[in-house]
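The values are calculated or read from the model by the stated rules, or taken from the named source; none is laboratory data. Bear in mind the structure is a predicted one, so any value in this text is a computation, not a measurement. When we count neighbours, we look across all protein chains shown, and the Cβ atoms used for this are built from the backbone with ideal geometry, even at glycine. Just so you know, the surface numbers come from the protein's heavy atoms only, side chains and all, with ligands and any DNA or RNA stripped out. Shrake-Rupley method; radii C 1.70, N 1.55, O 1.52, S 1.80 Å.
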Amino acid sequence: MTQIIRVNKTKPEPEKLSAAAKMLASGGTVVFPTETVYGLGANALDEYAVKKIFTAKGRPSDNPLIVHIYDFTQLDKLASTVPASFFELAGKFWPGPLTMVVKKSPLVPDLVTAGLDTVGIRMPNHPVALELIKQSGVPVAAPSANVSGLPSPTKAEHVINDLDGKVDIIIDGGDCLVGLESTVLDIAGDTPVILRPGGITPEQIEAVLGKVMVDRFVYERFKDQDSNPRSPGIKYRHYSPKAEVILVEGSLTEMAAEINTRSEYLINNKKRVGIMATDQTRHMYAHGTVMSLGDRDRPETIAGNLFGLLRYFDQMGVDVILAESIDRTGIGIAVMNRMVRAAGYNIVGAGHAEQW
C-alpha cells in the first residue's frame, strides 16, 4: 500500500520527510516534487532499488535515468571526470532544471545509465526535493513519476492516478512550476550537446559556454533500435495521452482554419475533439472542447500547462486532440519537443494536410 505524505511546498517540515528519507536509504521508492515534474526516486547506488523504478513505471531498461543530488559532495560517487564547464554551468543554473551528462563513476550501476559510460546529474530547485535527498544521505535516481509513455505528472493527483499501489511513498508538495523536464546537456565530450531541451534554454547555456549543438533527435525519431539513447525522452513513445494528438503548424490564421475544418469533420463522424489553443487564438474555434495552454507572449505559461492539459483531455474522454504549434525559440524549443513526441510525429502543415 502506498503512503501519501502532504507537506508544505515552500517550507517542508523535516519531520514529515524523515520516513520518506529512510525509505530511500533502505532501498524503497519515493515520489517527490521538483520544480520541473514529479520524480520517482530510488537510491542511485543500489541496483536492486533502481529496478523497482523500472517495474513501477513499466520503463524499458535501455532508457537511462537522471541522478539528483543536494550538494557537490555527492559528485565523488557519481562522476569519474568533471570538466570545468560543469562548475561554470552549476554556478549559474543550479539548483535548477539543468542536467549535465559526464563520465560516470564505477559505483553507479549500469542499470542507471542504460549501460553507457556517462551519467546525467542535476540538483533540483525545490525545497522538498533537496531536503529529502539531504536526509536520505544518498544520490537519488529519478525519472518522471508516471506510467512510461504517458504525459509527465505536474500535480500529485497525476502521480496517484498512475502509481498508487506501485510505489512505497508519494510526497504531495503541490504543483510543479516549470512543468517540463530538465534540459539535458552532454558535456562529456569536446563539444557541448543539448540532448533534450527543457527549462534552461539553449540561449541561456550559450551565454555561459558559447555556441552549443542541439542533437538531431530533439525532433527526429531515434531510429537505431539496437543502441541506447544518451538521454531519457528520446527512444520511446513519450508524453502521449490516450487520445490521438495531431499537431498543426502554420500562421495563426492558417492553424485556426485547419483545426476548424478538421474538428468539424471529426465531430460529424462522432469523434470527441479537444483543441489546444492559446490565449490569442481560443476565440477562433467554433467546434470541440477548446482550452488555452497559455500566453504565446509568455511561453513559460504554455510549458507549465502542457502536461496537465493533455491529462485533462484524457479525463474528458476526447478521442482526438488538435494542437497548435508555437515558436521554437527560448523555452518554445522544449515545448515543441514534447508536443511533437506527444503527437507521435503526427504533424500537419496548415493548408496542405494529408488525406484523413
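Assorted remarks:
- Top-ranked residue in the range 182-193 [being of a type in the set (G, A, S) and either part of a strand (DSSP E or B) or more than 21 Å from L310 (Cβ to Cβ) (or both); ranked as modelled with the highest pLDDT]: A188
- All of (1) within 27 Å of G304 (Cβ to Cβ); (2) in a helix (DSSP H, G or I); (3) in contact (Cβ under 8 Å) with a residue 60 or more places away in the chain hold for V248 with one exception: (2).
- Conditions (1) modelled with pLDDT under 95; (2) farther than 23 Å from H158 by Cβ; number of the one not met by S325: (1)
- Members of the range 49-61 that are in contact with a Leu (Cβ under 7 Å, 6 or more places away or on another chain) and either surrounded by fewer than 20 Cβ atoms within 10 Å (Cβ to Cβ) or hydrophobic (A, V, I, L, M, F, W, C) (or both): V50, K51, I53, A56, S61
- Selection count, the range 128-169, where residues are hydrophobic (A, V, I, L, M, F, W, C), more than 17 Å from S26 (Cβ to Cβ) and part of a loop (DSSP other than H, G, I, E, B): 3
- L150 vs. criteria out of contact with any Gly (no Cβ under 9 Å at 6 or more places or on another chain) and modelled with pLDDT under 95: yes
- Taken over the range 19-52, the criterion of being out of contact with any strand residue (DSSP E or B) (no Cβ under 8 Å at 6 or more places or on another chain), assigned to a loop (DSSP other than H, G, I, E, B) and of a type in the set (S, T, Y) is satisfied by S26, T36.
- The C-beta contact set for the range 53-78 (first residue closer than 14 Å to V102 by Cα, second residue surrounded by fewer than 16 Cβ atoms within 10 Å (Cβ to Cβ) and small (G, A, S), distance under 7 angstrom, 6+ apart or interchain) comprises K77/S105; L78/S105.
Yes/no per residue for (1) assigned to a loop (DSSP other than H, G, I, E, B); (2) farther than 25 Å from A129 by Cα; (3) under 16 Å from the mean Cα position of the chain (by Cα):
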residue: I171; (1), (2), (3): no, no, no
residue: G174; (1), (2), (3): yes, no, no
residue: L180; (1), (2), (3): yes, no, yes
residue: L195; (1), (2), (3): no, no, yes
residue: F217; (1), (2), (3): no, yes, yes
residue: E220; (1), (2), (3): yes, yes, no
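- Residues located in the range 62-72, provided they are of a type outside the set (D, E), surrounded by fewer than 21 Cβ atoms within 10 Å (Cβ to Cβ) and modelled with pLDDT of 95 or more: Y70, F72
- When the range 20-37 is limited to residues that are crowded, with 24+ Cβ neighbours inside 10 Å and touching a Gly at 6+ places or on another chain (Cβ under 8 Å), the one that is farthest from C176 (Cα to Cα) turns out to be L24.
- Residue among K11, K103, K16, K92 that is surrounded by fewer than 19 Cβ atoms within 10 Å (Cβ to Cβ) and part of a loop (DSSP other than H, G, I, E, B): K11
- Some residue of the range 125-147 being modelled with pLDDT of 95 or more, open to solvent by less than 40 Å² (accessible area, probe 1.4 Å) and in contact with a Cys (Cβ under 9 Å, 6 or more places away or on another chain): yes
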